[in-house]
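Read the structure below first, then the notes.
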Protein chains: 4
Amino acid sequence: MADVQGFLFPRTSTGASSLLPPPPWHYSGAMLTLEYRTDPAAVAELLPDPLEPADDDPGAVAVIWADWQSCSDSYEELLDPVRSQYLEAFVVARCKYRGEHYSRCLYIWVDRDYAMVRGHHQGYPKKLGSIHLTRPVTVGKAGPRLEPGGRFGATLSASGRRLVDAAFTITDECDHAGFVNALPMLHHRWMPAIESDGSDSLVELVTMSGYDAEIGRGFTGDFDLSLFDSPIEELTRLQPREPIAGYWREVAVSWNGGTTLERRVIDGV
Amino acid sequence: MADVQGFLFPRTSTGASSLLPPPPWHYSGAMLTLEYRTDPAAVAELLPDPLEPADDDPGAVAVIWADWQSCSDSYEELLDPVRSQYLEAFVVARCKYRGEHYSRCLYIWVDRDYAMVRGHHQGYPKKLGSIHLTRPVTVGKAGPRLEPGGRFGATLSASGRRLVDAAFTITDECDHAGFVNALPMLHHRWMPAIESDGSDSLVELVTMSGYDAEIGRGFTGDFDLSLFDSPIEELTRLQPREPIAGYWREVAVSWNGGTTLERRVIDGV
Amino acid sequence: MADVQGFLFPRTSTGASSLLPPPPWHYSGAMLTLEYRTDPAAVAELLPDPLEPADDDPGAVAVIWADWQSCSDSYEELLDPVRSQYLEAFVVARCKYRGEHYSRCLYIWVDRDYAMVRGHHQGYPKKLGSIHLTRPVTVGKAGPRLEPGGRFGATLSASGRRLVDAAFTITDECDHAGFVNALPMLHHRWMPAIESDGSDSLVELVTMSGYDAEIGRGFTGDFDLSLFDSPIEELTRLQPREPIAGYWREVAVSWNGGTTLERRVIDGV
Amino acid sequence: MADVQGFLFPRTSTGASSLLPPPPWHYSGAMLTLEYRTDPAAVAELLPDPLEPADDDPGAVAVIWADWQSCSDSYEELLDPVRSQYLEAFVVARCKYRGEHYSRCLYIWVDRDYAMVRGHHQGYPKKLGSIHLTRPVTVGKAGPRLEPGGRFGATLSASGRRLVDAAFTITDECDHAGFVNALPMLHHRWMPAIESDGSDSLVELVTMSGYDAEIGRGFTGDFDLSLFDSPIEELTRLQPREPIAGYWREVAVSWNGGTTLERRVIDGV
């Protein structure tokens, strides 16, 4: 009778097959954050009870691209970069829970399996997508410099359909990346019961923050953003009414777990 | 305060964004099953307590390729086949639990996000992979006929590494597909706690079977099978000692949930 | 000083690295052909001098999906199906040259490198795309039967944008697949000079037909077709004015070269 | 009768569909160059007559990874990065022709269609592959810094098989990137005749260099390199006997055509 190991499935006698290595996980990369205001009702309808809209500016959302390398404490993923490099694009809003404000990921796409399922562990509702973000360069003509006038494209496609097109132009240096994605995350972790009768086996409300965050060069700027329809997506319900600001910055963070705020207890069998 | 809907995340006011449509799910396709005997200890080490090895032939395993179309009761996925077509490759063994024998998926790879996460719901430890299986043809020279002598290739790669190569040759018609993958499935559904401290929030032992199974043409035959190493896989611990038999058949099934056998109750917060 | 070998580059001492094995090449698969009439001027503008529009029905075009296995005379690709399976989607019109009528591929997308470059050899202007075509099934609910009422979806995306959506419904058996793609092909083979000054090193007008064509089950039916914009595609210039008919059939063919009709002689250096 | 336009196929009335925009093309990125010595005979067998091995160090080869953004003079590709970002991995040796020494690409893989066919135009024998190269970071733990001790992984897979694994460690700053890939390129441009009878329609020997090269930060270091077998590749014929040195650097260049050195004249039809 075996004692199987592994942070995630498949669990084996050694743990080596686990789709995820055990945390802590370390991330280094670049993020493009585009903040705008949409109809507050379009945000509110995505906040399940008992979450409430943010007190101030409840229609503020951020569409974010992140171009990551990540690794475990073994650092071995960095030498096999198919296991460390990925991109993700996601939509964040704020919400209120028990009087505190949080950030919350509404939609998210990523391009590797480990990053997708790591997100599921963290309550991010990740799907696979094709995500692109222009990289700054230091030489030549084929890319922006990190200075005013530098222009970046950012795109998202899934299931063969373009979902988001954006262009960002640096106007100034900036020491922050906006307010929408700046709070601890508040996520649901849901897993339907295997009975598949509409009930859930796992219903948790969790919160988490990274640690050892390190910020590199940062900039603000203007942007254009277009959202497109798909039969299996609803991004166009979050149409921009008014831009707030865009931000590009280098960022690193480590992650080693969060906190369960609520867990619905389901009887054992 | 919203009432969000959707079988799976992301849950929204309409449910349209859910990575999975609600079951029932219908599958039609072809399966290649290659049964062989490995060291029984290599199977036993993958069966967590209280699972036990099968009484008879405990080293029997099956490596299986499936070339599927699947859809929900809306059938709309069939007209947007990026949402219905996928391949998977997996390894199955048998085990015993409370005196009953079951089939159990040890390892599995698939090539679409919805199929990956649908598997996680069902306790299949799915990763993404690149999976290929020769298709039979009715005309011309570029494929086997469904008759003795027909040859099929079957391959699996993940993270840019070839993991399995196989070749199967039909010898006879056959009305079954072996005994290893023929029982109800017995799977664990595991989700680590967000605290990520080694504890699990979801620990369920579940069983499931399809319904309305329909079998088309079926054949048995001989095969060659090679398993390869990877730093993040352990297939080579299941090296073949002796082939049993190979099977190719057309198969369809529907699925509408399983049964929770055990659930470890975790206190609410 | 070496004698390098190989049908195509890279050429080596053994020829084993060639992106293409030497012909003949054998193809077996299924094709969906959707014929319709567009503005004849939209076809004419794609026929370079001295090609002329077809005498009859010069606005007739066909959008075609093909789901192939292909192999060389070694047949070894069939046992490593990543080297034999691919899909393509393409647009064909007819034209007239020196009093004879031909079929001509206007646009085409494919999903494997060898199939892309094999097309370039044959004068097909292939790009990479993501192509899907519903497969018929013999059992279960997740796919159409090859009989009246059977419905198929067919889609094309490239560079993350959906370019074509189609749905086809079988109405009757049928022993042909229309008239647009039924003639010998007339293609240009163009390669710009390395000087990249607007001149071409290779300008050939070639024609080709397969041999040993074999036709399996065939059907006709109705269809819906939608073409979408992209900054680097021009399919929407070929908007349907009137459907002609759709066809699905099993087909196989072999190919072992074509005939050069015109070659512009460029002086040696 | 139309006047079709476009640098490459498909040529249309506007030129907008061309798989390649017209040059000049601008490139900015990072390159990792690993130089080593192999059996000089393994290089010589890849140099078709009248090319000869280099006079000095004829067994020196370089395996190179490049992580590019590229664009045309319109710069519009930079805002739709699926059209500008790609990676390539390639093997270069030196050769002698008419008394002059050149660099020559022996094998190359790339991950986008436009980059693949642009290479074919330039005489690079490009196939599609899956290519990864660790990126340096400025913050956090998930990547190397551009300083001694910084470690980079570099991998290549094609057709689901790992072909190359490498690890590079920076030891010092360096103002060059070795000598193997430092000369003008000497390439063949081959296109078999459509008759596919073993004859070629296009046989050109061409040379080319970029212009406006700009070099950013550069480093040298040590490396490990492993080459793996595949039924359709021959990299293992170039096994390392002795490392020379590794180099990482930021680099940009523009390209606007080359020079035809020899063209075999084929009679018109």
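Read-outs: derived from the displayed coordinates by stated rules, not from any lab. The structure displayed is predicted, hence computed values, not measured ones. All Cβ positions, even for glycine, are placed from backbone atoms using ideal geometry, and neighbour counts span all protein chains on display.
Legend: calculated FRET efficiency, C:Ser74 to B:Asp267, from the Cβ-Cβ distance at R0 = 45 Å, rounded to 0.05, equals 0.10. The HN-Hα couplings worked out from phi for the range C:78-94 by the Karplus form 6.51 cos²θ - 1.76 cosθ + 1.60 (θ = phi - 60°) are 5, 8, 10, x, 4, 9, 10, 9, 7, 10, 9, 10, 8, 10, 10, 10, 10 Hz, whole numbers, x standing for Gly and Pro.
Where chain C is rotated onto chain B, the residue of C whose Cβ comes nearest the axis, and that gap in whole Å, is C:Arg135, 4. For the range C:193-266, trypsin sites (Lys or Arg not before Pro) meeting the loop criterion (DSSP other than H, G, I, E, B) and having at most 14 other Cβ atoms within 10 Å: C:Arg241, C:Arg264. Label-to-label distance for D:Asp229 and A:Glu195 is 5.5 nm, based on points extended 7 Å past Cα in the beta-carbon direction. Projecting 7 Å from Cα along the Cα-to-Cβ direction, the label point of A:Asp212 sits 4.2, 5.3, 6.2 nm from its equivalents in the other copies, listed shortest first. Toward the positive end of the charge dipole of the range D:139-191, with +1 on the Cβ of Lys and Arg and -1 on the Cβ of Asp and Glu, the farthest Cα among D:Thr155, D:Asn181, D:Met191 is that of D:Met191. Mind running the shape call on the range D:148-269? Use the C-alpha gyration tensor, a ≥ b ≥ c as the square roots of the eigenvalues: rounded below 1.5 for a/c, prolate if a/b tops b/c, oblate otherwise. Verdict is oblate for the range D:148-269. Remark: the range B:138-269 carries a charge dipole of roughly 380 debye about the Cα centre, counting +1 on each Lys and Arg Cβ and -1 on each Asp and Glu Cβ. For the residues A:Pro58, A:Pro144, A:Pro192, a GNM of chain A with alpha-carbon springs under 10 Å puts the largest fluctuation on A:Pro192. Among B:Gly143, B:Gly178, B:Gly153, the largest mean-square fluctuation in a Gaussian network model of chain B (Cα springs under 10 Å) belongs to B:Gly143.
The relative contact order of chain D, computed from alpha carbon pairs under 8 Å that lie at least 6 residues apart in sequence, is 20 percent. Averaged over peptide C:224-233, the number of partner chain Cβ atoms lying within 10 Å of each residue's Cβ comes to 3.
Please report the net charge: other residues with Cβ closer than 12 Å to the Cβ of B:Tyr75, K and R +1, D and E -1. Charge balance in the 12 Å sphere: -1. Ranked from shortest, the separations from the 7 Å Cα-to-Cβ label point of A:Asp73 to its equivalents in the other copies are 4.8, 5.7, 6.2 nm. Taking label points 7 Å from Cα along the Cα-to-Cβ direction, B:Glu100 and D:Arg98 give a separation of 8.2 nm. Annotation note: GluC sites (Glu not before Pro) in the range A:189-269 located in DSSP loop regions with a Cβ neighbour count of at most 16 within 10 Å are A:Glu195. In terms of its alpha-carbon gyration tensor, chain B comes out oblate; a/c meets the 1.5 threshold, while b/c is at least as large as a/b.
Can you classify the protein assembly as shown as rounded, prolate or oblate using the Cα gyration tensor, where a ≥ b ≥ c are the square roots of its eigenvalues, rounded means a/c under 1.5, and otherwise it's prolate if a/b beats b/c and oblate if not? Since a/c stays below 1.5, the shape of the protein assembly as shown is classed as rounded. Between D:Leu163 and D:Leu156, D:Ser157, D:Ala158, the built amide H atoms are under 5 Å apart, and every one of these is 5 or more places off in sequence or on another chain. Rounded to the nearest 20 debye, the dipole size of the protein assembly as shown about its Cα centre is 0 debye, using +1 on the Cβ of Lys and Arg and -1 on the Cβ of Asp and Glu. Sequence-ordered 3J(HN,Hα) estimates for the range B:116-129 from the Karplus curve with 6.51, -1.76 and 1.60 and θ = phi - 60° stand at 5, 6, 4, x, 4, 4, 8, x, 7, x, 6, 10, 7, x Hz, glycine and proline given as x. Taking Cα centre as origin and charging only the Cβ of basic (Lys, Arg, +1) and acidic (Asp, Glu, -1) residues, the dipole magnitude of chain A rounds to 520 debye. Taking Cβ atoms as reference points and 11 Å as the exclusive limit, the residues near A:Thr220 contribute a net charge of -4, counting Lys and Arg as +1 and Asp and Glu as -1. Our note on the geometry: Cα centres of the range D:39-60 and the range B:1-42, 55 Å apart. For D:Phe9, the residues 5 or more places off, or on other chains, whose built amide H falls under 5 Å of its own are D:Leu19. Let me check I've understood the local charge: for D:Ala252, count other residues with C-beta under 14 angstrom from its C-beta, Lys and Arg +1, Asp and Glu -1. What total comes out? Local net charge: +1. Please name whichever of D:Gly15, D:Gly140, D:Ile108 sits farthest to the positive end of the charge dipole of chain D, dipole taken about the Cα centre and charges placed at Cβ: Lys and Arg +1, Asp and Glu -1. Value computed over the given set: D:Gly140. Around the amide H of C:Asp200, modelled in the peptide plane, lie the amide H atoms of C:Ala193, all under 5 Å away and 5 or more residues distant in sequence or on another chain. Rounded to the nearest 500, the helix-only mean residue ellipticity at 222 nm of chain D stands at -1500 deg cm²/dmol, with each DSSP H run of n ≥ 4 adding -39,500 (n - 2.57). From the cross-link list C:Lys96/C:Lys127; C:Lys126/D:Lys127; C:Lys126/D:Lys126; A:Lys127/C:Lys141; D:Lys96/D:Lys126, which pairs have alpha carbons spaced over 20 Å apart? Pairs exceeding the cut-off: C:Lys96/C:Lys127; A:Lys127/C:Lys141; D:Lys96/D:Lys126. In order along the range B:215-221, the phi-based Karplus estimate (6.51 cos²θ - 1.76 cosθ + 1.60, θ = phi - 60°) of 3J(HN,Hα) comes to 10, x, 5, x, 9, 10, x Hz; Gly and Pro are listed as x. Label-point distances for B:Thr259 to the equivalent site in the other copies, using a point 7 angstrom along Cα→C-beta, read 4.2, 7.1, 8.2 nm when ranked shortest first.
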